[in-house]
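Written below as structure tokens is the structure these notes are about.
The values are calculated or read from the model by the stated rules, or taken from the named source; none is laboratory data. Being a predicted model, the structure only gives us computed values, none of them experimental. Using ideal geometry, Cβ is built from the backbone for each residue, glycine included, and neighbour counts are taken over all protein chains shown.
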Amino acid sequence: MNKDWDDIIDAILRGESPERPESEEFAARLAERRALRGRLQTAFESIRPDEGLAGRLRHRLARTEEPGSSAEAGSGASRRIVRLPRGTWAALAAAAIVALAVGLSISLPGPARAESARQEFARLHTGHLAPGAELVAGENPAEVAARLEQRLDFVPVAPQAVEAVRFRGACVDRFRNRPAASFVLETSQGPVSIIVTPVPADSLGLGHRFEQAGHILWACRHGNCRIVGTAANGTFYFAVGEAPREFLTQLVLQTLPRATG
């Protein structure tokens, strides 16, 4: 990858440079960085250090500035004592807290990661409905899926047609930093996105696991957006929209591709 891309992407994310298409690879890298930033921001909302941690860190750091503290003990005159202004110690304490929170948000598979997955599903669905959303249209979802296949790292299988449900279009998204195929449907309960991904549902911590019609399903929500998913042929299908959970459950089961092999 071009070594200058990281600097360009940093400037775009800081709002210091307009977004301009370098290439498809550049666009994918930018999307990955945006997704990572979104997950970290979401993690900070749900992970907070103990209220007393900042005070304890400041207290311990301040003690190193006091005469006779353990920081001045050791090898006598040969030991050099580095004294920093008190404001600098406060900044270091704040940095330590931020580092702790970032570490927790990346390493723990608990609520922060689950919230991140829910937020990603909701963001993708909302993007499909936005004015100017670029959806590949067509009468036959299977033909559209074949056109999208070259941009994916798995072979997508289009959802089966369901009576009274109209196919609006499809696109390639990025979910959990991997390509995902999205099929947008018009239903009696409003628009629904069927998001198809190779990322295992049980790795996302979606909150509620249940069985219906011989299938294992996962369900959760983010704001007004509900998510219900299940697996078929080793790939995972999620119905995302503001429809009732029962409706999404039936829809995702009805649109599953037929089992093969």
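Assorted remarks:
- Selection count where residues are surrounded by fewer than 17 Cβ atoms within 10 Å (Cβ to Cβ) and part of a loop (DSSP other than H, G, I, E, B), scope the range 200-213: 3
- Residue list for the range 162-199, filter: part of a loop (DSSP other than H, G, I, E, B), over 23 Å from the mean Cα position of the chain (by Cα) and in contact (Cβ under 8 Å) with a residue 40 or more places away in the chain: Val162, Val165, Gln189
- Applying the criterion of being in contact (Cβ under 8 Å) with a residue 40 or more places away in the chain and over 21 Å from the mean Cα position of the chain (by Cα) to the residues of the range 136-160, the residue that is nearest to Arg221 (Cα to Cα) is Pro159.
- Just one of the listed residues (Glu163, Glu139) is among the charged types (D, E, K, R), assigned by TED's automatic domain parsing to the domain that holds Gly223 and modelled with pLDDT under 85, and it is Glu139.
- Test: residue in the range 169-191 that is among the acidic types (Asp, Glu), within 20 Å of Ala27 (Cα to Cα) and touching a strand residue (DSSP E or B) at 6+ places or on another chain (Cβ under 9 Å): yes
- Out of Val144, Val157, sole residue that is touching a Pro at 6+ places or on another chain (Cβ under 8 Å) and either assigned to a helix (DSSP H, G or I) or not basic (Lys, Arg) (or both): Val157
- Residues of the range 240-261 that turn out to be more than 16 Å from Leu217 (Cα to Cα) and modelled with pLDDT under 95, as a count: 4
- Comparison of Gly190, Gly229, Gly223 shows that the only residue that is loosely packed, with under 14 Cβ neighbours inside 10 Å, among the small types (Gly, Ala, Ser), at pLDDT 95 or above and under 21 Å from Arg123 (Cα atoms) is Gly190.
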